[in-house]
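Trainee: One structure, as structure tokens, below. Some questions next.
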Amino acid sequence: MKIGVSTGLFNDYDLVNLLSIFKKTGFDIIEVGTGTPEWNSRPHTQEYSQEAIHGLIDRLHTFRLKIHSLHLREKLKDEGIEVHSLHTSFGNGLDISSQDENIRLTGISEVKKNIDLLSFLDGKIAIVHPGGDLFNVNDNEERKRRVEKSGLSLKEILKYAEEKGIKIAVENLLPHLVCGYAKEILDLIKDFDSANIGICFDSSHANLAENPQEVLRKFRDRLLTVHMSDNHGKYDDHLIPGEGKINWSEIVKTLKEIHYEEVFMLEVLKDTQGKDPYKLLRLMYSSAEKILAS
């Protein structure tokens, strides 16, 4: 099983300048973390002022991203690094499960733009959050409505992704979010008759909701990729595997049991302030190697 890393850890850095460090520390497979939307998204509404200014800003941001993406693609090829996946942008203003159509449509639009970027970088899998914060976590009717909206959004997103040759991996989220439990996410995608949509298993999220090994087993038939990080069972820490309380020997055992042979993608999001990227990435790779060898 190959080891990959999400660049979300370094969203405050210029990814182009970090690629050589990824390579030197053992990583030749990455997931691009988009962080704050680069495309300057805004709600699909006609009710805003200074239309011409907004339009100009949109064009400038898009032009800048295209130029930067071209540089990034060339650097990836020079370093021999493969883009396995891309984590699409998300947030309260980009919630594809929202009952507010402006927010929902903006979320869909942003995911499509991320899919364009992933395709341009010759990537394979777009990670999509199925929703955002629930207003009332105990309101089953709200959960149902939000999952239905998410399904409607994913239908449009999937059609767009298939045209680009991209797969969609819907991520299991935290308990207070839409699809924070395995059953919800399985119900969400069960009626999609397409090999281009599946699930991204997030170990940190699963450990705060259910037994992560059992979640993996439930996902086995639809599992496309994984996000691996650790926590202490209370917060979504996204630590280096081995720094928290997740039983990694059982996780690896379960991965083998369900015949998962794709990338062991690290999604560590700990604070990088004042840290040496080389030492941090080397520690991450070494920890993953030990876990997989065990």
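Trainee: For the range 19-46, give me each residue that is assigned to a strand (DSSP E or B) and either of a type in the set (A, V, I, L, M, F, W, C) or modelled with pLDDT of 95 or more (or both).
Mentor: Across the range 19-46, the qualifying residues are 29, 30, 31, 32.
Trainee: Being among the small types (Gly, Ala, Ser) and closer than 18 Å to residue 8 by Cβ is the filter; apply it to the range 264-294 and report the residue that is farthest from the chain's Cα centre (by Cα).
Mentor: Selected residue: 287.
Trainee: Select from the range 80-102 the residues that are small (Gly, Ala, Ser), farther than 16 Å from residue 11 by Cβ and either crowded, with 24+ Cβ neighbours inside 10 Å or within 18 Å of the chain's Cα centre (by Cα) (or both) and list them in ascending order.
Mentor: Passing the criteria: 93, 97.
Trainee: Given the residues 149, 144, which is the only one that is modelled with pLDDT of 95 or more and of a type outside the set (Phe, Trp, Tyr)?
Mentor: Matching residue, one of 149, 144: 149.
Trainee: Return yes when residue 200 is crowded, with 18+ Cβ neighbours inside 10 Å and at positive phi and no when it is not.
Mentor: no
Trainee: Are any residues in the range 103-154 surrounded by 15 or more Cβ atoms within 10 Å (Cβ to Cβ) and among the basic types (Lys, Arg), and if so, which ones?
Mentor: Scanning the range 103-154 gives 104, 112, 113, 124, 143, 146, 149.
Trainee: Which residue is farthest from residue 208 (Cα to Cα), if the candidates are limited to the range 239-294 and must be exposed (fewer than 15 other Cβ atoms within 10 Å of the Cβ) and among the acidic types (Asp, Glu)?
Mentor: Out of the qualifying residues, it is 276.
Trainee: Before we move on, is residue 171 at pLDDT below 95, closer than 18 Å to residue 97 by Cα and among the acidic types (Asp, Glu)?
Mentor: no
Trainee: To continue, here is another question. Take the range 231-241 and flag every residue that is in contact with a helix residue (DSSP H, G or I) (Cβ under 7 Å, 6 or more places away or on another chain) and within 21 Å of residue 30 (Cβ to Cβ).
Mentor: 238, 240, 241
Trainee: Select from the range 134-193 the residues that are farther than 20 Å from residue 110 by Cα and among the charged types (D, E, K, R) and list them in ascending order.
Mentor: 139, 141, 142, 143, 144, 145, 183, 184, 187, 190, 191, 193
Trainee: Exactly one condition in (1) at pLDDT below 95; (2) over 12 Å from the mean Cα position of the chain (by Cα); (3) within 21 Å of residue 267 (Cβ to Cβ) is not met by residue 123; state its number.
Mentor: Here residue 123 clears every test but (1).
Trainee: I'm trying to understand the selection: among the residues of the range 217-253, which are touching a residue at least 60 places away in the same chain (Cβ under 8 Å) and out of contact with any Cys (no Cβ under 7 Å at 6 or more places or on another chain)? Please lay out each step first, then the result.
Mentor: Quick first cut of the range 217-253, residues touching a residue at least 60 places away in the same chain (Cβ under 8 Å) only: 224-225, 227-228, 236.
Of everything in the range 217-253, those that are touching a residue at least 60 places away in the same chain (Cβ under 8 Å) and out of contact with any Cys (no Cβ under 7 Å at 6 or more places or on another chain) turn out to be 228, 236.
Trainee: Quick one: in the range 1-18, which of the residues that are hydrophobic (A, V, I, L, M, F, W, C) and at pLDDT below 95 is nearest to residue 293 (Cα to Cα)?
Mentor: If we filter the range 1-18 for residues that are hydrophobic (A, V, I, L, M, F, W, C), which is where we start, we get 1, 3, 5, 9-10, 15-16, 18.
Of the ones still in play, those that are also at pLDDT below 95 are 1, 9-10, 15-16, 18.
Working: 1: 10, 9: 24, 10: 27, 15: 29, 16: 31, 18: 27 Å.
So the residue we want is 1.
Trainee: Can you find even one residue in the range 168-176 that is buried (at least 19 other Cβ atoms within 10 Å of the Cβ) and under 14 Å from residue 34 (Cβ atoms)?
Mentor: So far as the range 168-176 goes, yes, one or more of its residues are buried (at least 19 other Cβ atoms within 10 Å of the Cβ) and under 14 Å from residue 34 (Cβ atoms).
Trainee: What single numbered condition from (1) part of a helix (DSSP H, G or I); (2) in contact with a helix residue (DSSP H, G or I) (Cβ under 8 Å, 6 or more places away or on another chain); (3) crowded, with 24+ Cβ neighbours inside 10 Å; (4) not hydrophobic (A, V, I, L, M, F, W, C) fails to hold for residue 160?
Mentor: The one condition residue 160 does not meet is (3).
Trainee: Just to be sure I understand the filter: pairs with C-beta atoms under 7 Å, separated by 6 or more residues or on different chains, first member in the range 262-274 and β-branched (Val, Ile, Thr), second member part of a loop (DSSP other than H, G, I, E, B). Which pairs pass?
Mentor: 263/2; 268/229; 268/238; 268/240
The values are calculated or read from the model by the stated rules, or taken from the named source; none is laboratory data. Note that the structure is a prediction, hence the values are computed from the model and not measured. All Cβ positions, even for glycine, are placed from backbone atoms using ideal geometry, and neighbour counts span all protein chains on display.
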